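Since the structure comes first, as structure tokens, the remarks are kept for the end.
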Amino acid sequence: MDWLTDDIAAVTYKAKDKTVHQYIGTFGDRGTGISYYYVAAQIYGVWQGKNARITNETEGLSVTVNGRTEIYKWDQVVQFGTLAIVLMKNNEAVWTIALNKDFNVEAAEKGETPGTILLYKATMGKTEPILLKRISSSM
């Protein structure tokens, strides 16, 4: 188990069929707490970090890490609470995207700079989250 923030925990494990899965425990939200929101909708635009880029596109999310790009269609995105999503390929978790502690849903909805997000690799080995900032609110 790894804590991505003090209110987001990622549990990575192998299922009986040897596929990698992630369960994300979330506590709270990044808004007023009055309503539910979709994480993928909040992270529209283009996000950039060290050797990583996420683009929220019409078809889904594009993730580029170290020059390698993968597209995750919307049916491959699994939401956990109001703080994180897991991106899936072939019934396996590949990445988790989490709203960092400084992310503000109301700012995102107004088109303002919402804060940062974290990209976390679903692996049984040691890994660190990658911090990303929004560089463009359009694709």
Item to check | Residues being under 14 Å from Val86 (Cα atoms) and either open to solvent by 60 Å² or more (accessible area, probe 1.4 Å) or of a type in the set (A, V, I, L, M, F, W, C) (or both) - total across region 42-67 | outcome: 4
Checklist entry - So which residues in region 68-88 are of a type in the set (D, E, K, R) and either open to solvent by 60 Å² or more (accessible area, probe 1.4 Å) or touching a residue at least 60 places away in the same chain (Cβ under 8 Å) (or both), if there are any at all? => result Arg68, Lys73, Asp75
Item to check | All positions within region 10-29 that are open to solvent by 50 Å² or more (accessible area, probe 1.4 Å) and either closer than 25 Å to Phe103 by Cα or among the acidic types (Asp, Glu) (or both) | outcome: Val11, Asp17, Tyr23, Phe27, Gly28
Next on the checklist: Could you check region 94-124 and list, in sequence order, the residues that are in contact with a Phe, Trp or Tyr (Cβ under 9 Å, 6 or more places away or on another chain) and more than 20 Å from Ser137 (Cβ to Cβ)?
Outcome noted: Val94, Trp95, Thr96, Tyr120, Lys121, Ala122, Met124
Checklist outcome for this item: When region 98-131 is checked residue by residue, the ones that are under 18 Å from Tyr38 (Cβ atoms) and within 13 Å of the chain's Cα centre (by Cα) are Ala98, Leu99, Asn100, Phe103, Ile117, Leu118, Leu119
Next on the checklist: It is to be established whether one or more residues within region 103-120 are out of contact with any Gly (no Cβ under 9 Å at 6 or more places or on another chain), acidic (Asp, Glu) and surrounded by 15 or more Cβ atoms within 10 Å (Cβ to Cβ).
Outcome noted: no
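The values are calculated or read from the model by the stated rules, or taken from the named source; none is laboratory data. Computed from a prediction, not measured in an experiment: that's the story for all the values here. Note that each Cβ is placed from the backbone with ideal geometry, even for glycine, and that neighbours are counted across all protein chains shown. Heavy atoms of the whole protein, side chains included, go into the accessibility calculation; ligands, DNA and RNA do not. Shrake-Rupley method; radii C 1.70, N 1.55, O 1.52, S 1.80 Å.
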